[in-house]
Every structure is written in structure tokens, then in C-alpha cells.
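The values are calculated or read from the model by the stated rules, or taken from the named source; none is laboratory data. All of these numbers come straight from a predicted model, not from anything done at the bench. We place every Cβ from the backbone using ideal geometry, glycine too, and count neighbours over all the protein chains shown. Just so you know, the surface numbers come from the protein's heavy atoms only, side chains and all, with ligands and any DNA or RNA stripped out. Shrake-Rupley method; radii C 1.70, N 1.55, O 1.52, S 1.80 Å.
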Amino acid sequence: MHYPRHIGIIPDGNRTRAQERELPSIFWHKAGFENSKKLVEYCFLQTEVECITLRWASTENIQERSPQELEYLYDIYQTIDDDMKEFYLEHGIGYKRIWSSEWLPDKLVDFFHQQEKKFISKNGKYIILAVNYGGNDEIIRGINSLLQNNPNLQSVSEQQLSDTMDLWSFPAVDLVIRTKGEMAKRLSGFMTRWISYAELYFSDKFFPDFSIEELQKALERYDSIVKYRNFWK
């Protein structure tokens with residue numbers, strides 16, 4: 001079976017599921033994060049996937065959500081990472097975050113920095129967390145960094161731009177998975193620079209219900225079409 005090297009996941013539907021069940025959104029956020037742990041473990045232990053990028057919160061999410069919701073989301077982020085630390089260490093999984101630190105509390109920023117220092121990949125496998133991340137924001141930050149370091153620059157090449165961005169050293173995304181079906185068949189600015197030739201898989205499941213069996217369906221579909229992936233040819 002041919003597996004994608006890099007999977008990007010947009011785990012959508014936590015709050016919608018909570019509204020349907022008339023439960024606090026934190027209940028289904030926790031369920032979604034617990035589910036993400038199962039999916040990550042499966043990919044790294046049972047497949048040849050090398051990188052998984054999880055969109056935890058976009059720049060738009062951070063600006064739109066209430067302080068109370070953000071506070072418990074930040075707590076969940078740290079709890080999940082603490083729960084996964086033994087897995088990362090045992091299996092040599094590297095840790096990477098892509099983000100803008102603007103609007104994030106200093107405590108969370110420091111936590112992510114420490115995680116990156118603590119978990120170094122020993123086998124080329126990485127868990128990549130997108131927190132306060134937007135694909136367009138990443139491009140703008142990359143351009144600004146390039147201009148700051150090269151004030152006399154007259155033009156920019158594709159490679160120069162890529163080298164200044166969050167994922168410059170990682171393979172491009174081969175497969176994007178988004179949950180919530182007909183309610184969310186869009187990419188919402190996710191990893192704009194890195195998904196140009198990615199296959200797209202939209203699941204009808206809300207993310208807390210997106211099981212390993214559903215993930216296997218996405219991987220099987222990728223395997224069925226990988227031989228036709230000729231990119232720009």
C-alpha cells in the first residue's frame with residue numbers, strides 16, 4: 001500500500017456536535033482531542049506516514065472565540081501533549097508547531113518552545129501542531145522575514161519564499177482530511193503554500209466520530225489514486 005508522507009488534518013465539528021447534543025463545547029473538544037491521539041498513534045505505528053499536521057486553531061478561530069473557551073482550549077493543548085510525551089519519546093517522534101505567537105499567552109508560547117526542544121525526531125517522523133495558524137498569514141510572515149533580512153531585494157523566487165516559512169524543511173502535504181462533510185467542504189486557508197498538489201478527502205463524520213476505520217478509508221482512497229498523481233505533468 002502507498003501511504004502519503006505527510007497528512008494534514010482539519011478536525012472540524014466539535015462545537016457543532018456539542019450544539020446538537022445540547023452539551024458544553026468543552027465536552028466535545030476533549031472528545032476530539034482524545035480521538036486525535038488515537039489517529040496519531042495509528043498513523044505512526046501502523047502506516048508509513050512520516051508527518052501529521054493537525055490544525056488545532058486557525059488565526060480566525062483565535063480572534064473569534066471567547067476568552068473562556070480559549071482558556072480551556074489552551075489547557076487541553078497542554079494536557080494532550082503531556083499525555084503523549086511517553087509515546088513521542090518511545091517512538092522517536094519529533095515535535096513541531098506552526099503558528100503566529102501573536103494573541104497567544106506567554107505561558108503557552110513557552111510551553112510549545114519547550115516541547116520542540118524536548119522531542120527531537122530520531123526517524124524522520126513528526127507531529128506538527130497548527131495553533132493560531134493561517135496559511136496566508138504564514139506566507140505574509142515569510143515575505144516580511146525575507147524583506148527584513150534582505151532589504152535590497154528586488155524580486156523573490158519560489159525557493160526563497162519557501163525557505164523562510166514554517167515548514168521549509170518538511171515534505172509538502174500529500175493528503176488533506178477535513179471532517180464535517182457537506183457543512184465544511186473547503187480548506188479555509190489551511191497550509192496554503194504546502195497543499196498545491198494534495199489530494200482532498202472530506203468525511204461526513206464530525207471529528208469526534210472520525211474513527212481509525214474512517215481514516216483507513218481515506219488512506220485506501222489515496223492508495224487507489226496515487227499512481228495517477230502526475231503533479232504538473
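The rows are residues; the columns are (1) over 20 Å from Ile7 (Cβ atoms); (2) among the β-branched types (Val, Ile, Thr); (3) touching a residue at least 12 places away in the same chain (Cβ under 8 Å).
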| site | (1), (2), (3) |
| --- | --- |
| Asp106 | yes, no, no |
| Val109 | yes, yes, no |
| Val131 | no, yes, yes |
| Arg141 | yes, no, yes |
| Asn144 | yes, no, no |
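So, Glu116, is that one farther than 30 Å from Lys227 by Cα, among the acidic types (Asp, Glu) and buried (at least 21 other Cβ atoms within 10 Å of the Cβ) or not? For Glu116, the condition - farther than 30 Å from Lys227 by Cα, among the acidic types (Asp, Glu) and buried (at least 21 other Cβ atoms within 10 Å of the Cβ) - is not met. Only residues that are open to solvent by less than 10 Å² (accessible area, probe 1.4 Å), part of a helix (DSSP H, G or I) and farther than 21 Å from Leu219 by Cα: list them for region 30-61, please. Those that are open to solvent by less than 10 Å² (accessible area, probe 1.4 Å), part of a helix (DSSP H, G or I) and farther than 21 Å from Leu219 by Cα: none in region 30-61.
Against the conditions (1) open to solvent by less than 10 Å² (accessible area, probe 1.4 Å); (2) within 25 Å of Trp103 (Cα to Cα), Leu161 satisfies every one except (1). For region 88-147, which residues satisfy the criterion of being closer than 23 Å to Ile76 by Cβ, of a type in the set (Val, Ile, Thr), in contact with a Lys or Arg (Cβ under 7 Å, 6 or more places away or on another chain) and not in a strand (DSSP E or B)? Listed by number, the list holds a single entry, Ile93. If the condition is being at pLDDT below 90 and surrounded by 13 or more Cβ atoms within 10 Å (Cβ to Cβ), then region 80-98 contributes Ile80, Asp81.
Answer yes or no: is there a residue in region 177-195 that is part of a strand (DSSP E or B) and at pLDDT 90 or above. Within region 177-195, one or more residues are part of a strand (DSSP E or B) and at pLDDT 90 or above. Taking the listed residues Tyr74, Tyr126, the one that is within 29 Å of Gly142 (Cβ to Cβ) and in contact with a strand residue (DSSP E or B) (Cβ under 7 Å, 6 or more places away or on another chain) is Tyr126, with no other qualifying.
Could you list, in sequence order, the residues of region 198-233 that are open to solvent by 80 Å² or more (accessible area, probe 1.4 Å) and in contact with a helix residue (DSSP H, G or I) (Cβ under 6 Å, 6 or more places away or on another chain)? Result: Asp204, Lys205.
Would you call Glu20 modelled with pLDDT of 85 or more and more than 14 Å from the chain's Cα centre (by Cα)? Here the answer is no, as Glu20 does not meet what is asked. Summed over region 168-197, residues that are out of contact with any His (no Cβ under 9 Å at 6 or more places or on another chain) and either open to solvent by 40 Å² or more (accessible area, probe 1.4 Å) or closer than 25 Å to Ser121 by Cα (or both) total 17.
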